[in-house]
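S.K.: Take a look at the following structure, please.
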Amino acid sequence: MSKSKQGEQLALLLRGCVHVCTEAELRERLAGGKQLRVKLGLDPTAPDLTLGHTVVLRKLRQFQDLGHKAVLVIGDYTARIGDPSGRSKTRPVLTEAEIDANAETYMRQAGKVLELGDDKLEVRRNSEWLRSMNLADVLKLMSQITVARMIERDTFKTRLEAGKEVYLHELLYPLMQAHDSVVIEADIELGGTDQTFNNLCGRDLQRIAGQPPQIVMTTPLLIGTDGTQKMSKSLGNYIAVEDSPSEMFGKVMRIPDELMRSYFELLTDTPEEQVAALTDPKQGNPRDSKETLAKTIIAQYHSAKDAEAAAAEFRRVHGGGEGGLPDDVPEVDVPTEVIQDGKIVPLDLVVRCLGENSRSGARRLIAERGVRLNGTVIEDSMTPIPIKSGDVLQRGKRRFVRLRVS
């Protein structure tokens, strides 16, 4: 491979990365010409993959396109502990049935990004090797890293300094993830920035096992639609890979303008020069740029035709005039006592602002997908959602109210 070709590949792979340990090792292995084993671990702790997951999945696809082997490790065994990364408290323990049900959905969703051919993708469940470990095996694994090294981790350090509990089983999680790298002999491990410690532990264990240490590449954490926190289903600020085109469109149109650049860079292949132009308010209308972003994302997971249809429907509903919002949409005040940190429980929103007399009726209305916020269906009656003045709450096809938040 020519040096110029190597340089192009390296530039592509480094685009959007926050940290690479080390770039020199990556350059050397790419120059070696062999097919590299590129690992990504996903714990099936929830049934839906979000666009946040696709940031690193897209990086994995880039390696596939360059001829390397993606190794997707479904953490059905590590999910029993739950990754403590970035968590201020211990994760709830899932049952084996819940984990299996979630894992079943992952391949279908990951297949929207990855090549699924056997020459391109290897899928493993880490229960293959972790389930058979006995106490002696666990003790041997624990002997390979010190307590001091583990407590260096910011998650544990922060919790200890705040007087919060850290349980012994949580200390095992980074070791188990690192052991996965040894078993599959990973050349490279990908992950979000919250996985840096876990992935570096993989390098440590591979050295001890006599393997070349894996290269660690981390990507940014995608900020959710609320504009403040990491995209997460539990926070209600997510866009799911399997959302309908209209749902995707509505959610993308709700993101703050300042998130557009990172969404273009992390979720699309839009050239950098075009991204710069689209996100420069002096060169165009941010609303038009956001519509371009929404259509680009929808075309990736559905089709260009679906993207255009979703855009037309959004304009019809929110563009005003005939066929859109009524000219006399009433405004309603959202009681301050049901708002916390700019969010509200949808059940409270329907009861307080749509005049639904009973909570059971409001719950049923939401379950029947009869309520929309800014054109996006509200699916969960209890997960808080962000609201702001000017948002349009819709019941069925005819009733609209515009929210006023003090």
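S.K.: Looking at (i) 27.8; (ii) 23.2; (iii) 25.1, which value of Kirkwood radius over Cα pairs in Å comes from a calculation on the structure shown?
M.R.: From the options (i) 27.8; (ii) 23.2; (iii) 25.1, the structure gives (ii).
S.K.: About the Cα centre of the stretch 31-155, what is the dipole size in debye to 20, counting +1 per Lys and Arg Cβ and -1 per Asp and Glu Cβ, all else neutral?
M.R.: 420 debye
S.K.: Taking the solvent-accessible surface of protein heavy atoms with a 1.4 Å probe, what is the per residue accessible area of the stretch 201-267 in Å²?
M.R.: 33 Å²
S.K.: While we're here: Using 7 Å Cα-to-Cβ label points, what is the VAL138/LEU14 separation (nm, one decimal)?
M.R.: My value for the distance between the label points is 4.3 nm.
S.K.: Can you give the net charge of the other residues whose Cβ lies under 13 Å from the Cβ of VAL113, counting K and R as +1 and D and E as -1?
M.R.: Here the count lands on +2.
S.K.: For a protection proxy built on the mean count of beta-carbon atoms within 10 angstrom, sort 330-336, 204-210 highest first, please.
M.R.: So the peptides 330-336, 204-210, ranked by packing, come out 204-210, 330-336.
S.K.: For the stretch 212-294, which whole-number percentage of the solvent-accessible area (1.4 Å probe, protein heavy atoms only) is attributable to carbon and sulfur atoms?
M.R.: 51 percent
S.K.: Could you check what % of the DSSP bridge pairs in the chain are antiparallel, to the nearest 5?
M.R.: Counting only bridges with both partners in the chain, antiparallel ones make up about 45 percent.
S.K.: Are any of the pairs LYS69/LYS305; LYS112/LYS305; LYS39/LYS59; LYS59/LYS282 more than 21 Å apart by Cα-Cα distance, and if so, which?
M.R.: The answer is LYS69/LYS305; LYS59/LYS282.
S.K.: Assigning unit charges at the beta carbon (Lys, Arg +1; Asp, Glu -1) and nothing else, what dipole magnitude in debye, to the nearest 20, does the chain show about its Cα centre?
M.R.: 160 debye
S.K.: Could you tell me the largest-minus-smallest coordinate of the C-alpha atoms of the stretch 263-406 on each of the three principal axes, in descending order and whole angstroms?
M.R.: Between the extreme Cα coordinates on each principal axis of the stretch 263-406 lie 52, 32, 29 Å.
S.K.: Something else about it: What is the sum of charges around ARG363, taking Lys and Arg as +1, Asp and Glu as -1, for the other residues whose C-beta is under 15 Å from the C-beta of ARG363?
M.R.: Counting the neighbours of ARG363, the net charge comes to 0.
S.K.: I would also like to ask the following. Can you pull out the trypsin sites (Lys or Arg not before Pro) in the stretch 279-315 whose DSSP state is coil and whose Cβ has at most 15 other Cβ atoms within 10 Å?
M.R.: LYS282
S.K.: Just flag the GluC sites (Glu not before Pro) in the stretch 113-155 sitting in loop per DSSP whose Cβ has no more than 11 other Cβ atoms within 10 Å.
M.R.: GLU152
S.K.: Scan around GLY192 for amide H atoms under 5 Å from its own, H built in the peptide plane at 1.01 Å from N, and keep only partners 5 or more places away or cross-chain.
M.R.: For GLY192, whose amide H was placed from the backbone, the distant partners under 5 Å are THR219.
S.K.: Sort 157-163, 7-13, 69-75, 307-313 by packing, meaning the average of other beta carbons within 10 Å per residue, with the highest value first.
M.R.: Per-residue mean Cβ counts within 10 Å order the peptides as 69-75, 307-313, 7-13, 157-163.
S.K.: Let me ask something additional. Calculate for the chain the 222 nm mean residue ellipticity that helices alone would give, adding -39,500 (n - 2.57) per DSSP H run of length 4 or more and normalising by residue count, nearest 500 deg cm²/dmol.
M.R.: -13500 deg cm²/dmol
S.K.: Can I ask one more? Quick one: which residues, 5 or more positions from TYR238 or on another chain, have an amide H under 5 Å from its amide H? H modelled 1.01 Å from N in the peptide plane, none for Pro or chain starts.
M.R.: THR225, SER232
S.K.: Considering amide H positions built from the backbone, and no H for Pro or chain starts, which residues 5 or more places from THR50, or on another chain, come under 5 Å of its amide H?
M.R.: Placed amide hydrogens put VAL241 under 5 Å from THR50.
S.K.: Could you grab the relative contact order for the chain? Cα pairs under 8 Å, six or more apart, rounded to a whole percent.
M.R.: Reported as a whole number, the value is 14 percent.
S.K.: Which residue, VAL166, VAL216, VAL252, has the most motion in a Gaussian network model of the chain that connects Cα atoms within less than 10 Å?
M.R.: VAL166
S.K.: Positive end of the dipole of the chain, charges at C-beta (+1 Lys, Arg; -1 Asp, Glu), about the Cα centre: which of ALA11, THR383, VAL123 has its Cα farthest in that direction?
M.R.: With unit charges placed on the Cβ atoms, the residue in question is THR383.
The values are calculated or read from the model by the stated rules, or taken from the named source; none is laboratory data. Keep in mind the model is a prediction, meaning the values are calculated, not measured. Neighbour counts run over all protein chains shown; Cβ positions are idealised from the backbone, glycine included. Only protein heavy atoms, including side chains, enter the accessible area calculation; ligands, DNA and RNA are left aside. Shrake-Rupley method; radii C 1.70, N 1.55, O 1.52, S 1.80 Å.
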